[in-house]
Amino acid sequence: MGAARGRGVGGVGGGRAAEAAEVAAEAEAAGAARMAKSLEENGPRAPAAEGSLSGTRESLAPGPDAAAADELSSLGSDSETNGFAERRIDKFGFIVGSQGAEGALEEVPLEVLRQRESKWLDMLNNWDKWMAKKHKKIRLRCQKGIPPSLRGRAWQYLSGGKVKLQQNPGKFDELDMSPGDPKWLDVIERDLHRQFPFHEMFVSRGGHGQQDLFRVLKAYTLYRPEEGYCQAQAPIAAVLLMHMPAEQAFWCLVQICEKYLPGYYSEKLEAIQLDGEILFSLLQKVSPVAHKHLSQQKIDPLLYMTEWFMCAFSRTLPWSSVLRVWDMFFCEGVKIIFRVGLVLLKQALGSPEKVRGCQGQYETMERLRSLSPKVMQEAFLVQEVVELPVTERQIEREHLIQLRRWQETRGELQCPSPPRLHGAKAILEAEPGPRPSLQPSPSIRLPPDAPLSGSKGKSKASKQVQKEPREPVRESGQQGWPPTRSQAKAEAAAGDASPPQDAPAQDPAPQDSAHHRSRESLTSQESEDTYL
């Protein structure tokens, strides 16, 4: 299986999967024969990555022309690593000519892009407030697409990776310095060159991109030693590294594996098998024609959805569509992955005319492997995904049904996974971030240079002066309070004996201290408003 674990997985999918796997093998053999014939006619292409997941855009895309082939033949040299060789790179970082035709890209006008950046900056700087009161607005803006300049930062906020990083300072560095388990290190190292080999970050063997990818994957095997490493985690981590540094990418990977897709990368792949059955059940409501055809052909869902789901379509869709799907996925959760899979199945097999051309398992699998570029085009796909009525409640209801069937036929799960959280809001509610401590502030804030009102200020100050001589008597605990008439006369005589100029000297003190306190409170409040 393309997305199988490094240590190998046997018996996934049962008899139906084994029976349909033979058809898949025949399809791969036929594809290899066509590739050999193409090589004889058109000459050699740039070498494809060995052992890459089947159906990747690298293996399906047509190779570059002869000039590009000469350019790609020296990829990985030190001169290119140091930037001495000229290379044409598209706006996503891929070498021009290596990705195949993606169709018309949706170009956002520059003015609109700047407006979106300003709105996203405001949201990110006041993230807790927006998530608490305006989550629907965040969801709509994610559906429109996150600005490229802020995508990495937004993914960290949406996934809760930023909170994880704050809660675990220095943890990644500790894992990075640890030696790691040798049984995983060898498998990870063999997979590095297979991850987007035509992207500028990963084009050079031993380059900074592959080094960071190795660090992130090794750190995860140490962070979750009971789970280890799964080959499908490598493209997930690679996409994250294209948008953020290694430490932030690690915590986002942790959130995907533990919150968004829990159990997907465990040893038995039980969670992905359950989701395959959920997808097939939902397909019956979304596209009865496609569901009936796949049932008649006895094609197990694992044969076409494993790579889709485990790699979050990063090896299937054009890159512009991948980024838009991930924007919505981080905000709304796994239902976006289900919706994308249902849209692709519906568009490929959702009408009698489309089914007529797929009379057998081989033809059906070929149709699902070579999806129409129009179906995968960014604007069309996103619109279909947004409008598809599949909710978290439906997914969870189907999950309970399929889990009950699993327990009746196969027994209890060997690797039970924690419940998944559907999107950014659920993650924030489950793991709230650290909040700044609240400082007391006066109910009335005065400007620094505002004078205090005369009558009220004087009356308050005089009352304070009158009360000050009485305070020691109360605190001393002496008997005979209130004072007798003789004590009052003695106090009056003592007051007459004191010099009259000393009394007014005490009057400005309360005003100055109150004025000083109001100035301090205003300054602290201004700094707090600036932070928020």
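Here are the numbers:
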read-out: Positions within region 318-373 being without any contact (Cβ under 8 Å) to a residue 12 or more places away in the chain and either in contact with an Asp or Glu (Cβ under 6 Å, 6 or more places away or on another chain) or closer than 21 Å to residue 300 by Cα (or both), in sequence order; value: 356, 357, 359, 363
read-out: Any hit, region 310-317, residues being of a type in the set (Lys, Arg) and either out of contact with any Asp or Glu (no Cβ under 8 Å at 6 or more places or on another chain) or open to solvent by 10 Å² or more (accessible area, probe 1.4 Å) (or both); value: no
read-out: Complete set of residues in region 358-380 that are open to solvent by less than 50 Å² (accessible area, probe 1.4 Å) and touching a Lys or Arg at 6+ places or on another chain (Cβ under 8 Å); value: 358, 361, 378
read-out: Subset of region 369-382 [in a helix (DSSP H, G or I) and either more than 21 Å from the chain's Cα centre (by Cα) or under 13 Å from residue 341 (Cα atoms) (or both)]; value: 369, 373, 374, 375, 376, 379, 380, 381, 382
read-out: Answer from 210, 195, 255 - the residue that is on the phi < 0 side of the Ramachandran plot, without any contact (Cβ under 8 Å) to a residue 24 or more places away in the chain and of a type in the set (S, T, N, Q); value: 210
read-out: Conditions (1) under 26 Å from the mean Cα position of the chain (by Cα); (2) within 30 Å of residue 227 (Cβ to Cβ); (3) open to solvent by less than 20 Å² (accessible area, probe 1.4 Å); (4) modelled with pLDDT under 95; number of the one not met by residue 299; value: (1)
read-out: Test for residue 383: is it surrounded by 17 or more Cβ atoms within 10 Å (Cβ to Cβ), at pLDDT 90 or above and of a type outside the set (D, E, K, R); value: no
read-out: Qualifying residue in region 197-214 (condition: open to solvent by 20 Å² or more (accessible area, probe 1.4 Å), of a type in the set (D, E, K, R) and in a loop (DSSP other than H, G, I, E, B)); value: yes
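One line per residue, one yes/no per condition, for (1) within 40 Å of the chain's Cα centre (by Cα); (2) farther than 27 Å from residue 393 by Cβ; (3) modelled with pLDDT of 65 or more:
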site: 415; (1), (2), (3): yes, no, yes
site: 418; (1), (2), (3): yes, no, yes
site: 423; (1), (2), (3): yes, no, yes
site: 428; (1), (2), (3): yes, no, yes
site: 432; (1), (2), (3): yes, no, yes
site: 439; (1), (2), (3): yes, yes, no
site: 448; (1), (2), (3): no, yes, yes
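The values are calculated or read from the model by the stated rules, or taken from the named source; none is laboratory data. Predicted model, so just to flag it, every value in this text is computed and none were measured. Glycine gets a Cβ as well: all are built from the backbone with ideal geometry, and neighbour counts include every protein chain shown. Ligands, DNA and RNA are stripped out before the accessible areas are found, and what is left, the full protein with its side chains, is counted by its heavy atoms. Shrake-Rupley method; radii C 1.70, N 1.55, O 1.52, S 1.80 Å.
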